[in-house]
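**Student:** Structure incoming, see below.
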Amino acid sequence: MEYGQILRRAWQITWKYKFLWVFGIAIALCRGQGGGNGANFNFGNNFPREGNRNGDIPISPEVMRGIQQFINSPAFWGLIVGLIVLILVLTLLSIAVGAYARGVLVRSVNRIENGEILDFRQAWEEGKPSFRPLFWLELILSLPSLAIGLSVLTITLVILLNLIRSGALSRGAFPDEIAGQVGLLVPLAIVAFCGLICLGLIIQLFVAIFTVFGSRAIALEGHSVTASFGRAWQVFTKNLAPVVLFALILFGINLLVGIVIAIPLAIFVGMILVMGIGAAMSGLWPILVVLALGLVFVIALLSIGVGGIYRVYAETLWTLVYRQLVGLAQPPEPPSTPSSAPELTSP
């Protein structure tokens, strides 16, 4: 396998067919890329004691009674159910958009490599034949992550309800009392979070394998959803070395792109902060707000654009690799030379 040629060819297709960036942006948005946030459960000395007599937390009993009444009412559980339904609907919509866009990219790149020339309309049509099986594939692969996300939401909700129903947040409660009331729950929650994170990393590894190779088994070879799992695992295990190498190359490219983007962004953020401090000291708060909103908008556009281009490159690269691994990429036939033998013609 010619690694350099595949890397160059993937970039040529990505740069030449810029209308594919639309579908790459769709996949990048639907994948919900983002970072995790850490939590520090330290109940020792983090509660403000100064300015509050006896170190009580400034939440009045009336407010706490109102919160507890709302929690015990059907409206609260209706809100929770509505939140879960909203998450499920957004998840299904994200999966549908991502599946269609991935089908477009995979099948379009395959046609381009077969010598065809595509425009946006033709590429859009390429997403239809494989949309339904790709949707079911990605839905199945999304179930573990969805279950983990709902588990995290459940753990957080249990901790919050325990704090409220125990009266730990009402006026007069000390930090030591709060630590005693949730002393067992918080360590269990930390263990559960760590376990879910480790489990999530393992699941994501298998999800990546079946997403990359299973989707191409469906889009390029016409396998069913169930058969695509076996086909994906077969291609992955039989070609472990080149697959791992290309994955490491993509990881390095992604890291390099992130560093290149981070440097000007850091300079830009520093300039905005300096200007914002000056505006705040001068009392020009509207300017500060406008600068902050403009910064968020620019960063969002830059992240979406670069993420979409990188996603097109990655999907193109894996499609070219898959074609090589399963024998779909046939070398061009040499031009036929005219025979020197005289032709036999019938009188």
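The values are calculated or read from the model by the stated rules, or taken from the named source; none is laboratory data. Note that the coordinates shown come from a computational prediction; the quantities given were computed from them, not determined experimentally. FYI the Cβ positions are ideal-geometry reconstructions off the backbone, even for glycines, and counts take in every protein chain you see.
**Student:** Mind listing whichever residues of the range 91-123 are more than 16 Å from the chain's Cα centre (by Cα), surrounded by fewer than 17 Cβ atoms within 10 Å (Cβ to Cβ) and under 15 Å from F23 (Cα atoms)?
**Tutor:** Matches in the range 91-123: D119, F120, R121, Q122.
**Student:** Could you check, for the range 271-289, whether at least one of its residues is surrounded by 14 or more Cβ atoms within 10 Å (Cβ to Cβ), more than 27 Å from A147 (Cα to Cα), small (G, A, S) and over 20 Å from the mean Cα position of the chain (by Cα)?
**Tutor:** Within the range 271-289, one or more residues are surrounded by 14 or more Cβ atoms within 10 Å (Cβ to Cβ), more than 27 Å from A147 (Cα to Cα), small (G, A, S) and over 20 Å from the mean Cα position of the chain (by Cα).
**Student:** Would you tally the residues in the range 197-231 being outside any helix (DSSP H, G or I) and of a type outside the set (S, T, N, Q)? Reasoning before the result, please.
**Tutor:** Of the residues in the range 197-231, the ones outside any helix (DSSP H, G or I) are 222-224.
Filter once more, keeping what is of a type outside the set (S, T, N, Q): 222-223.
Qualifying residue count for the region: 2.
**Student:** Still on this structure, please answer the following. Can you tell me how many residues within the range 257-306 are hydroxyl-bearing (S, T, Y) and either modelled with pLDDT of 75 or more or assigned to a helix (DSSP H, G or I) (or both)? Steps first, please.
**Tutor:** The first filter runs over the range 257-306 and keeps only residues hydroxyl-bearing (S, T, Y), leaving 282, 303.
Right, trim to either modelled with pLDDT of 75 or more or assigned to a helix (DSSP H, G or I) (or both) and you get 303.
Adding up the residues that qualify gives 1.
One line per residue, one yes/no per condition, for (1) of a type in the set (G, A, S); (2) farther than 28 Å from L143 by Cα; (3) touching a residue at least 40 places away in the same chain (Cβ under 8 Å):
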| residue | (1), (2), (3) |
| --- | --- |
| I249 | no, yes, yes |
| G258 | yes, yes, no |
| F268 | no, yes, no |
| V296 | no, yes, no |
| A314 | yes, no, yes |
| Q324 | no, yes, yes |
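**Student:** Name every residue in the range 232-256 that is assigned to a helix (DSSP H, G or I) and among the polar types (S, T, N, Q), in order of residue number.
**Tutor:** Matches in the range 232-256: Q234, T237, N254.
**Student:** While we're on this one: Hey, could you check the range 129-147 for residues that are surrounded by fewer than 19 Cβ atoms within 10 Å (Cβ to Cβ) and of a type outside the set (A, V, I, L, M, F, W, C) and say which is farthest from I209 (Cα to Cα)?
**Tutor:** It comes out as P129.
**Student:** Separate question: Filter the helices (runs of 4 or more DSSP H) completely within the range 1-94 down to those with at least 2 residues that are at pLDDT 85 or above and under 26 Å from E113 (Cβ atoms). Quick ask: steps written out before the conclusion?
**Tutor:** Working: elements: 3-16, 21-30, 61-71.
Counting at least 2 such residues, we get 3-16, 21-30.
**Student:** Could you list, in sequence order, the residues of the range 197-250 that are farther than 21 Å from Q324 by Cβ, small (G, A, S) and surrounded by fewer than 15 Cβ atoms within 10 Å (Cβ to Cβ)?
**Tutor:** Once the filter is applied, which keeps residues that are farther than 21 Å from Q324 by Cβ, small (G, A, S) and surrounded by fewer than 15 Cβ atoms within 10 Å (Cβ to Cβ), the range 197-250 yields only S224.
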